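Structure first, commentary second.
The values are calculated or read from the model by the stated rules, or taken from the named source; none is laboratory data. The shown structure was predicted, so the numbers you read here are calculated from the model rather than taken from an experiment. A quick note on method: Cβ atoms are made from the backbone with ideal geometry, for glycine too, and the neighbour counts reach across all protein chains shown.
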Amino acid sequence: MGEDNMSISFIIPIYNVEKYLKQCIDSVLGQVKEEDEIILVNDGSKDRSNLICKKYLKMFPDKIIYIEKENGGLSSARNVGIRQATKDYIAFVDSDDYLKQGYVEVLENAVNNNTVDVVMFGYETFPNGTVTVPIFKEGIIRSKEELFDGVKTVNKHNDFCFSWRLLIKRNFLNKVKVMFDEQTKIGEDYLFNSQVLLEASNILVLKESLYMYRINNENSIMRKKYKENLLENLEYQYDEKKKIIKYYGLDEVDGWKIDFSWYYVTAFRDMLFRNVWNGELKNRKKEIRRILESRIIRENYEVIGIAYWKYSKRAAIFHFFCKYKMAGMVIRKLNKLYS
């Protein structure tokens with residue numbers, strides 16, 4: 001059996017989200033129980049977010065904890081929240097998103113009926129309404145082997161992404177000493193989630209969508225058209241991922257290497273290319289060459305080998321240009337694609 005009357009610390013990192021913040025906080029307040037707490041961490045917002053937070057603090061002083069700090073990024077704000085948390089479980093809510101009705105009830109029932117370190121669940125993106133559920137098998141998972149049983153596309157399906165899709169036992173998190181890497185500017189959730197899930201003795205996977213994920217917030221770092229130092233940030237993330245892969249032996253999991261490398265030579269490669277096109281025109285050729293020569297492209301094409309030839313001829317030829325650093329041909333293709 002699980003534990004009765006479990007309590008949750010909701011951690012909401014905040015940065016310049018006055019447009020969405022009320023909807024987010026209201027979605028949590030509308031469901032929390034007496035024993036829960038909401039931790040608002042204002043990460044140096046320059047808009048009216050602080051005034052909104054203070055208004056809620058005044059209205060709900062026994063429910064809300066409000067912290068102001070200098071801007072340090074999402075990971076820093078979440079870590080402040082983790083250190084402040086006092087309840088049985090920790091849940092993350094991004095301040096431009098909101099909880100679906102029934103979030104607390106479903107998770108409370110799940111935890112009360114099962115002894116678990118982590119609960120993983122689905123989400124819905126809005127405004128497009130796409131529902132995504134975990135690729136892992138439904139029910140209790142007790143080992144790495146069980147987690148990856150029959151699963152070969154964890155990276156392709158982003159199942160190690162988005163920390164708000166996890167409910168985590170606080171004592172477990174303190175025991176394993178996993179925190180967010182504050183040096184990681186993109187993909188911090190992947191590093192955190194992968195360690196949490198691989199350290200857990202008991203994971204409960206629910207095929208229910210409990211969270212609403214906004215994809216049209218132009219102020220979000222992932223929505224910015226041009227991201228400064230993107231290649232350097234992705235290389236740092238890549239190196240940290242490789243450390244985790246080696247430590248937990250993920251490269252020995254069936255299908256892992258190909259899935260991981262494919263994601264880098266498709267999703268991350270294309271993210272880098274789009275970023276160049278959103279930057280200064282005069283630097284495009286230099287930046288494309290730098291991307292093609294980077295280790296995140298070079299090393300992963302080595303793993304892929306010639307596997308790209310089994311896909312469409314057009315895609316295979318473009319992969320060939322990228323693998324062999326034919327910058328001129330790549331730029332010609334991108335000119336057609338992005339013009």
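Just one of (1) over 19 Å from the mean Cα position of the chain (by Cα); (2) crowded, with 19+ Cβ neighbours inside 10 Å fails for Gly139. It is (2).
Listed by position, the helices (runs of 4 or more DSSP H) inside the range 231-339 whose residues that are out of contact with any Lys or Arg (no Cβ under 9 Å at 6 or more places or on another chain) and surrounded by fewer than 18 Cβ atoms within 10 Å (Cβ to Cβ) number at least 3 are 284-293, 313-323, 327-338. In the range 315-332, the residues that are over 14 Å from Ser294 (Cα atoms) reach residues that are aliphatic (A, V, I, L, M) with C-beta atoms within less than 6 angstrom, at least six apart or across chains, in these pairs: Phe321/Met329; Phe321/Val330; Val330/Ile288; Ile331/Ile288. Considering the conditions (1) within 20 Å of Gly73 (Cβ to Cβ); (2) among the aromatic types (Phe, Trp, Tyr); (3) assigned by TED's automatic domain parsing to the domain that holds Pro127, Phe172 is excluded by exactly one of them, (1). Take the conditions within 17 Å of the chain's Cα centre (by Cα), surrounded by 15 or more Cβ atoms within 10 Å (Cβ to Cβ), assigned to a loop (DSSP other than H, G, I, E, B) and not acidic (Asp, Glu) and apply them to Ser95. Does it pass? In short, yes. No other residue among Lys22, Lys69 is farther than 19 Å from Trp164 by Cβ and either in the same structural domain as Asn114 (by TED's automatic domain parsing) or at pLDDT below 95 (or both) apart from Lys69. Kindly establish whether Lys100 is in the same structural domain as Lys175 (by TED's automatic domain parsing) and out of contact with any strand residue (DSSP E or B) (no Cβ under 8 Å at 6 or more places or on another chain). No; evaluated as a whole, the condition is false for this residue. In the range 7-30, what residues are under 30 Å from Asn114 (Cα atoms), out of contact with any Phe, Trp or Tyr (no Cβ under 6 Å at 6 or more places or on another chain) and not acidic (Asp, Glu)? Across the range 7-30, the qualifying residues are Ser7, Ser9, Phe10, Ile12, Pro13, Leu29, Gly30. Of the residues making up the range 136-151, none is under 22 Å from Ile25 (Cα atoms), at pLDDT 95 or above and either in the same structural domain as Glu199 (by TED's automatic domain parsing) or in a helix (DSSP H, G or I) (or both).
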